[in-house]
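Derivation of every value follows stated rules applied to the coordinates shown; laboratory data play no part. Computed from a prediction, not measured in an experiment: that's the story for all the values here. Ideal geometry is used to build each Cβ from the backbone, glycine not excepted, and the neighbour counts take in all protein chains shown.
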Amino acid sequence: MTMYFRCFVLSFIFIFFIVLAGCNTSEENSAIKTARGYKTKEFNIDLLNASSPEGIEKQMQSTESYLSEEYYLKQYDSKNIALPLQIAKKEQASLSTKDLKLKVKKNNGENITLDYRLRLQLEYKEAHKVDKIDIKGVLTLEEINGTWLIKNDEYNIKDLKNLLTSK
């Protein structure tokens with residue numbers, strides 16, 4: 001073999017492994033789909049829903065299917081499940097998720113850990129103003145009965161809680 005041919009083959013193999021390493025498995029794609037659905041449901045809040053007495057119940061029902069039972073109870077007990085509604089009500093703004101990016105950090109076969117970042121947009125209808133808060137976090141998912149569910153979600157929640165205590 002010529003030297004050029006060897007370089008070509010080695011380059012091809014190298015590029016193949018780089019491309020292969022960048023691809024997600026089907027289980028990772030399923031976990032990402034769950035994570036995307038959850039973060040969208042969690043932070044897309046219409047001001048009218050936030051102001052209604054049924055708002056918290058609707059929020060709990062819309063996110064429950066994404067969460068493991070243990071994490072759901074943890075979120076319920078800590079009242080974090082109602083945090084986006086509380087922010088929308090206090091700020092008199094609708095919330096929406098923008099630029100959600102998810103990346104597999106770790107897959108050990110039992111759990112998948114995802115890094116994520118998103119921009120939470122607060123739209124103040126009366127003031128015709130928009131604020132944005134960058135959220136960065138780590139989601140851990142586990143497969144339960146063939147479905148990927150959120151086991152834990154750690155993010156800069158203090159930035160959101162500060163909205164409730166400011167002003």
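Name every residue in segment 58-79 that is within 15 Å of Leu139 (Cα to Cα), polar (S, T, N, Q) and in a helix (DSSP H, G or I), in order of residue number.
Thr63, Gln75 - these are the residues of segment 58-79 that are within 15 Å of Leu139 (Cα to Cα), polar (S, T, N, Q) and in a helix (DSSP H, G or I).
Give me a count of the residues in segment 125-167 that are assigned to a helix (DSSP H, G or I) and without any contact (Cβ under 8 Å) to a residue 12 or more places away in the chain.
3
Pull up segment 103-140, narrow it to residues that are among the hydrophobic types (A, V, I, L, M, F, W, C) and more than 21 Å from Ala31 (Cα to Cα), then point me to the one that is surrounded by the most Cβ atoms within 10 Å (Cβ to Cβ).
Within segment 103-140, the match that is surrounded by the most Cβ atoms within 10 Å (Cβ to Cβ) is Leu120.
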